[in-house]
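The values are calculated or read from the model by the stated rules, or taken from the named source; none is laboratory data. Nothing here was measured: the structure is a model prediction, and the numbers come from that model. Cβ placement follows ideal geometry from the backbone for every residue including glycine, while neighbour counts extend to all protein chains displayed. The area values use the complete protein model at the heavy-atom level, side chains included, leaving out ligands, DNA and RNA. Shrake-Rupley method; radii C 1.70, N 1.55, O 1.52, S 1.80 Å.
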Amino acid sequence: MVLKRSALEAAGKRYREEGISRRVRGIAVSAIKEMPLLAQNVPGCVSLGQGIPSFRTPEHIVEAVCRHLREASWTGKYTLGPGLPALRQAFAAMLHRERGLHVDPETDICITVGAMEGLCAAILTLVDPGDEVLLPSPNYASHIEQVLLAEGRPVFFPLKPEDWQLDPAALREKISSRTKALVLCHPHNPTGAVFPENALREVAELARKHGFFIICDETYDFLTYDGLSYFSLLSLPEVRRWVIGVFSFSKKYAMTGWRVGAVVADRDILDHVMKVHDAAAICAPTPSQVAALAALEGPQECVAHFRHVLQSRRDRVCSRLDRMAPHLSYIRPQGAYYVMVKTPPQAGDSMTVALRLLHEARVITIPGNAFGPGGEGHVRLSFGGTEEELDEAMDRLERWVLQNLGTQ
Ligand SMILES: Cc1ncc(COP(=O)(O)O)c(C=O)c1O
């Protein structure tokens, strides 16, 4: 069991235990979602917390949905469980165009309620109670909770602390006869690391040799900076039958609230994922699938624009953090839109620092311990917000640092 203090519990919330399943007692709402809840009671907060890009959903997507709602005979109805055939075809075509992947839209794709439902369905499909699931540390908080929900055992392997890079040797050390799967997300949340092809190939070889699955969380696949290329384990034919890809429309098309994503796997695995999807969701919301189809079929300039703007926001936040050295330090993100900021031990543990920043500086951050043991001693900042929000938040952070850490 992972020992962690939930942000709500740290702020005094008590949970009923009686009658609640062991599975559910063993998990927590991630601090990523708890911190904004706590912030509701702190007027005038600025958020560097949850990873919500500031962009509006592009107009052509909104327009396509409005047209659909007014005109389509099937408005307001369920779709087929795996999703609209046209959307699956467009998704397969995108995977072929952008990645060179051959995926059968009839049998290998299921449209889900965001990447989140896809991840949960994939983990519930593979993991039996007591099975071990390898997770990098630090790691996206919800992967940990999903493994616990399946009554699996999260087994953490450290990313290299000097650059947050993937260390296949550290992963190899944690493989056991109970290892069932690895959940890997890159560009990585919460560190912004992008893993190179050679390290990923080593990991693929370990999966093949030891026979464990890899669940690839591809939520930020479009978002690398400085022209860095992106390599996905899905493109390796030798491990194809061991890999489940989980995709998201949330960040790529500024569609976080539409809740639409996709799972891609060989049909013999996807048939089982579909059973979980049916039990949990029936299908992804129909208007959101129409939005996703418009996103795939429409102009793609918005994706390059988001990447460009987010790279300049990364630079903006990093140059402000540079001014706060040596009190704070960080590793420059290469992708996604998060940076893990290391705080000095005198400031307290990561939950204490995040709660102090919330109440004393009125800045929402996410405590590093929410991302597993490797996140302790850090807070995660998201730079998805507007330039004005980022400047205001960084002003407040800098003042707080000077007042509270300046003499240490
Ligand atoms: C790594 C990672 N996976 C999955 C998700 C959830 O994506 P979606 O909105 O598609 O459910 C997020 C959201 O922030 C994320 O950062």
Practice problem: Note down the magnitude of the dipole of region 59-297 about its Cα centre, charges +1 on Lys and Arg C-beta and -1 on Asp and Glu C-beta and zero elsewhere, to the nearest 20 debye. | Solution: 240 debye
Quiz prompt | region 206-242 and region 76-134: distance between their alpha carbon centers, rounded to Å | solution = 15 Å
Exercise. Report in % the part of the accessible area of the chain that belongs to carbon and sulfur, leaving out ligands and nucleic acids; probe 1.4 Å.
Key: 52 percent
Quiz item: Roughly how many nanometres apart are two label points built 7 Å out from the Cα toward the Cβ at residue 60 and residue 18?
Solution: 5.9 nm
Exercise. Could you work out how far helix 387-404 tilts from the main Cα principal axis of the chain, as a 0 to 90 degree angle to the nearest 10?
Key: 40 degrees
Quiz item: Fully extended, how many nm does the chain gain between residue 268 and residue 319 (0.36 nm per residue separation, minus their Cα-Cα distance)?
Solution: 13.5 nm
Quiz item: How about residue 342: which lysines have a C-alpha closer than 16 Å to its C-alpha, ignoring those fewer than 8 places off in the same chain?
Solution: 160
Quiz item: Residues of region 38-85: accessible area per residue at 1.4 Å, in Å²?
Solution: 59 Å²
Quiz item: Considering the dipole of the chain built from charges on the beta carbon (Lys and Arg +1, Asp and Glu -1) around the Cα centre, which of 239, 89, 345 is farthest to its positive end?
Solution: 345
Quiz item: If you find the alpha carbon centre of region 305-325 and of region 380-408, how far apart are they in angstrom?
Solution: 12 Å
Exercise. Report the extension gain between residue 75 and residue 102 in nm, rounded to one decimal, defined as 0.36 nm multiplied by the number of residues separating them, less their alpha carbon distance.
Key: 6.6 nm
Quiz item: About its Cα centre, how strong a charge dipole does the chain have in debye, to the nearest 20, once Lys and Arg get +1 and Asp and Glu get -1 at the Cβ?
Solution: 640 debye
Practice problem: Go ahead and estimate [θ] at 222 nm for the chain from helices alone: -39,500 (n - 2.57) per DSSP H run with n ≥ 4, summed, over the residue count, rounded to 500. | Solution: -12000 deg cm²/dmol
Quiz item: So how much slack lies between residue 25 and residue 342, counting 0.36 nm per residue of separation and subtracting their Cα-Cα distance, in nm?
Solution: 111.1 nm
Quiz item: Given 210, 8, 76, which one lies farthest toward the positive end of the charge dipole of the chain, if we put +1 on the Cβ of every Lys and Arg and -1 on the Cβ of every Asp and Glu?
Solution: 8
